[in-house]
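Note sheet for the following structure.
Just so you know, all these numbers are worked out from the coordinates, no wet-lab data involved. All of these numbers come straight from a predicted model, not from anything done at the bench. Counting neighbours? That spans all protein chains shown, and the Cβs are built from the backbone with ideal geometry, glycine included.
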4 protein chains.
Amino acid sequence: MKKGRIEAFSDGVIAIIITIMVLELKVPHAAEFKNLLALWPVFLSYILSFIYVGIYWNNHHHLFVVVDRINGRVLWANMHLLFWLSMVPFATAWMGENHFAPAPVALYGFVLLMNGIAYSILTRSLIKHHGNDSVLAKAVGSGFKGTLSVASYALAIGCSFFSVWISGAFYVFVALMWLIPDKRIEKTLE
Amino acid sequence: MKKGRIEAFSDGVIAIIITIMVLELKVPHAAEFKNLLALWPVFLSYILSFIYVGIYWNNHHHLFVVVDRINGRVLWANMHLLFWLSMVPFATAWMGENHFAPAPVALYGFVLLMNGIAYSILTRSLIKHHGNDSVLAKAVGSGFKGTLSVASYALAIGCSFFSVWISGAFYVFVALMWLIPDKRIEKTLE
Amino acid sequence: MKKGRIEAFSDGVIAIIITIMVLELKVPHAAEFKNLLALWPVFLSYILSFIYVGIYWNNHHHLFVVVDRINGRVLWANMHLLFWLSMVPFATAWMGENHFAPAPVALYGFVLLMNGIAYSILTRSLIKHHGNDSVLAKAVGSGFKGTLSVASYALAIGCSFFSVWISGAFYVFVALMWLIPDKRIEKTLE
Amino acid sequence: MKKGRIEAFSDGVIAIIITIMVLELKVPHAAEFKNLLALWPVFLSYILSFIYVGIYWNNHHHLFVVVDRINGRVLWANMHLLFWLSMVPFATAWMGENHFAPAPVALYGFVLLMNGIAYSILTRSLIKHHGNDSVLAKAVGSGFKGTLSVASYALAIGCSFFSVWISGAFYVFVALMWLIPDKRIEKTLE
């Protein structure tokens, strides 16, 4: 099976997820700047989630550059990732509307954690289908950044009941780590 | 006529259907975990429908791998399927928000039933266009799983007025039956 | 300029338009069938608009099969069509929620009228770009059905202040006229 | 890396942005034309934003015609543009619902300003990747219209506190300037 349609479907779902979050930016009824400023936790959550979903699209794009073929298992591993990505708008809205209260911050971390695990499952199912000697397996490498991310999310969930700002710092740290471009796949291709 | 654009349009519509269901996950106004847990019927309905729409995309993808060409009849049979798929978010929301009350559970089954019938019509219109000796006709086979699904939905609708849990068990059973990967088309291609 | 991206963008916008109409199907708060039946004008409007948007996608698809190349004028004629298509969900919701009151029925006809005109402008800008001897010009033909549709919409708007049912009959008549597959382009291609 | 998927993802996001704005056109509860007419600021804002997002899609399309290859920096410059485009529906809704009050009109200009800057960053990152002698660099040219747009937005923001109509005139002027088709890239290609 070719990879074209799974890419197109994933692009569609991720494009919708990244965009419908904006529907949670409820327009203030009054027309003063102070009404706008009162929305800062909602905006901050939106920006963070936009970056996270952007990172997932970016990594998905890089990953599928080296994908040759797919099978049923890969289709469902990809669907599983899309499911957890679809939870991001909900977690973002709950966190933003409640001004980073502990429970929503913990849920946000849980959703990121499940996304990290789902991405890892997708990667493994692709490697299994391509073989350990494939270009894909070499390009993916040890997955150190993925493991570090998952550990950070777990720590952030734990911290959320003491200090949501430490949790937030973890979320920002992981996002920055991924924003620094991942040269592995580009290098392997060369 | 080529199949590229009907695939792209179907991907788009299915991607939107699977994603806008998340808009029905209304964010609780309070920030406690108990507020989140109170949403369990909504989450459970969402997960079930995500899997069902995922199954339809998956089967649509497998089906169109063996499609050579399309005609006007196929375009409308596909549009008919997309119509019933677009009813899934409504039925899901009604069922989730009313904690699996009998009428919404029956409606959910009715929508699944109409989807099953619409998929069957699409398959037949494709076979009619490709011929009974085509790779497509062989790959689709007897359609036993489709018939079993439709019968299960009908039974689930009937049961919903006595026990919604039996209906729910039918819905889960059919979903699991389809989650087990369908090797027919992959095998026929080999 | 190639036509691939204008097709993809149009597919995306039309897929979203046809799907977000379902968001206007507000889930009833009670769980009885009578609550569902009370929504019949909303459902009826949805079905009619789903068919209309489906017809536009279908015709757009057929039209672009014979398109060779596009230019800036075509891009904006297409954008103009997408604008009027994007008005369909609004007109549908107003008509459905007000149980086919005269003003919403007239607005619905106006939106259909503008869509018909926009489609005609798109067709002409494509013919101008391809030449009167092109396959496209022959495939499009006299545009009799388009003219009849626009006239029907105009009559339906006028009738809406006396009898909305006559207007509705016009809308159903035009939809049926287009549902009968248009063989012109398929024949010309052969 | 090839450009196909970044085009598809951008098409998806822009298609959703241009379409979800229609969800802010809240259907009036009464069924008289006067209820519809009361929505004129919302419609006017929608039309203006539809044109602006259409211009961005159009320019993005023209730009990527001459793009050969992309890299990680381009991916993120594109994501940055999509972020600011995703702010357009929010700014549009705030402006329309508050009947062009000063603060929302200023915010609208700010969002357009950031879009203009983001587009400029995307263009530069593409030129850097293709080289100053590339077809792309020649096709993009001096960017005079872009600079004029950004200056107009800045002036419009400043004017909004004295007269929102002058700001509005700036927004309409810039839109018209871009609606006049940009022949640079088409000419360079020839």
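When a footprinting reagent is the concern and you count Cβ atoms within 10 Å, what order do B:Leu48, C:Leu39 take, fewest first? Write down the numbers at each step before the final one.
On the way: B:Leu48 20, C:Leu39 17.
Going from sparsest to densest Cβ surroundings: C:Leu39, B:Leu48.
Along the charge dipole of region A:4-189, which of A:Trp40, A:Gly96, A:Tyr52 sits closest to the positive end, that is, farthest toward it, with unit charges on the beta carbon of Lys, Arg, Asp and Glu (+1, +1, -1, -1)?
A:Tyr52
Looking at region B:1-73, which GluC sites (Glu not before Pro) are in a loop (DSSP not H, G, I, E or B) and have at most 16 other Cβ atoms within 10 Å?
Details: sites: B:Glu7, B:Glu24, B:Glu32; in loops: B:Glu32.
Here the sparse-neighbourhood loop sites are B:Glu32.
Based on the Cα atoms of region B:91-190, what semi-axes does the equivalent ellipsoid have, where each is the square root of 5 times one gyration tensor eigenvalue, given in whole Å with the largest first? Show your work: numbers first, answer last.
Details: eigenvalues 197, 36, 21 Å².
Working from the Cα gyration tensor, I get semi-axes of 31, 13, 10 Å.
How many angstrom lie between the C-alpha centres of region A:18-77 and region B:107-161?
36 Å
In bins 5 Å wide, starting from 0, what share of all Cα pairs of chain D does each bin hold, as a percent?
1, 8, 15, 19, 18, 14, 10, 7, 4, 2, 1, 0, 0
Place a +1 charge on the Cβ of each Lys and Arg in chain B and a -1 charge on the Cβ of each Asp and Glu, then give the dipole magnitude about the Cα centre in debye, rounded to the nearest 20. Don't skip to the end; give the middle numbers.
Numbers: 14 positive and 10 negative charges, 105 e Å.
For this selection, approximately 500 debye.
Can you list, shortest first and in nm, the gaps between the label point of C:Lys3 and those of its counterparts in the other copies, using a point 7 Å from Cα in the C-beta direction?
Those label-point separations list as 2.1, 2.1, 3.0 nm.
Averaged across A:20-27, how many Cβ atoms of other chains sit within 10 Å of each residue's Cβ atom?
What the average comes to for A:20-27 is 6.
Between A:Lys34 and the same site in the other copies, what are the distances in nm, shortest first, taking label points 7 Å from Cα along the C-beta direction?
List, nearest first: 3.5, 3.5, 5.0 nm.
So which trypsin sites (Lys or Arg not before Pro) in region A:31-127 are both in a DSSP loop and have at most 15 other Cβ atoms within 10 Å of their Cβ? Please list the in-between numbers first.
Details: sites: A:Lys34, A:Arg69, A:Arg73, A:Arg124; in loops: A:Arg69.
Within region A:31-127, the qualifying trypsin sites (Lys or Arg not before Pro) (loop, at most 15 other Cβ atoms within 10 Å) are A:Arg69.
Report, in debye and to the nearest 20, how large the dipole of the protein assembly as shown comes out about its Cα centre when Lys and Arg carry +1 and Asp and Glu carry -1 on their Cβ.
On the way: 56 positive and 40 negative charges, 326 e Å.
The dipole of the protein assembly as shown has a size of about 1560 debye.
Relative to the other copies, what are the label-point distances for A:Leu155, with labels 7 Å from Cα along the C-beta vector, expressed in nm at one decimal and sorted shortest first?
Output for A:Leu155: 5.3, 5.3, 7.4 nm, nearest copy listed first.
Short version: ³J(HN,Hα) in whole Hz for each residue of region D:147-156, in order, from phi by Karplus 6.51 cos²θ - 1.76 cosθ + 1.60 (θ = phi - 60°), x for Gly and Pro, what are they?
5, 4, 4, 4, 5, 5, 4, 4, 4, 4
For the protein assembly as shown, max minus min Cα coordinate along each principal axis, in Å, sorted largest first?
Projected onto the principal axes, the Cα atoms of the protein assembly as shown cover 68, 68, 51 Å.
Give the average, rounded to an integer, of partner chain Cβ atoms located within 10 angstrom of each Cβ in B:34-47. Display every interim value, and only then the final one.
Working: counts 1, 4, 5, 0, 0, 1, 0, 0, 0, 2, 0, 0, 4, 1.
Mean number of neighbouring Cβ atoms from other chains: 1.
Based on DSSP H runs of at least 4 residues, each adding -39500 (n - 2.57), what is the mean residue ellipticity at 222 nm of chain B after dividing by all its residues, to the nearest 500 deg cm²/dmol? Show your work: numbers first, answer last.
Working: 10 runs with 147 residues, N = 190.
Estimated from H runs of four or more residues: -25000 deg cm²/dmol.
For chain D, take the longest principal axis of its alpha carbons; what is the angle in degrees between that and the long axis of helix D:40-65, to the nearest 10 within 0 to 90?
Result, in degrees: 10.
Strictly over 18 Å apart at the Cα level, which of A:Lys3/B:Lys145; A:Lys3/D:Lys3; A:Lys3/C:Lys2; B:Lys3/C:Lys3 would you flag in this model?
On the way: A:Lys3/B:Lys145 26 Å; A:Lys3/D:Lys3 16 Å; A:Lys3/C:Lys2 23 Å; B:Lys3/C:Lys3 16 Å.
Pairs exceeding the cut-off: A:Lys3/B:Lys145; A:Lys3/C:Lys2.
Which is farthest toward the positive dipole end of the protein assembly as shown among A:Val150, A:Ser10, C:Asn132, measuring Cα position about the Cα centre, with Cβ charges +1 (Lys, Arg) and -1 (Asp, Glu)?
Comparing the listed Cα positions along the dipole, C:Asn132 ranks first.
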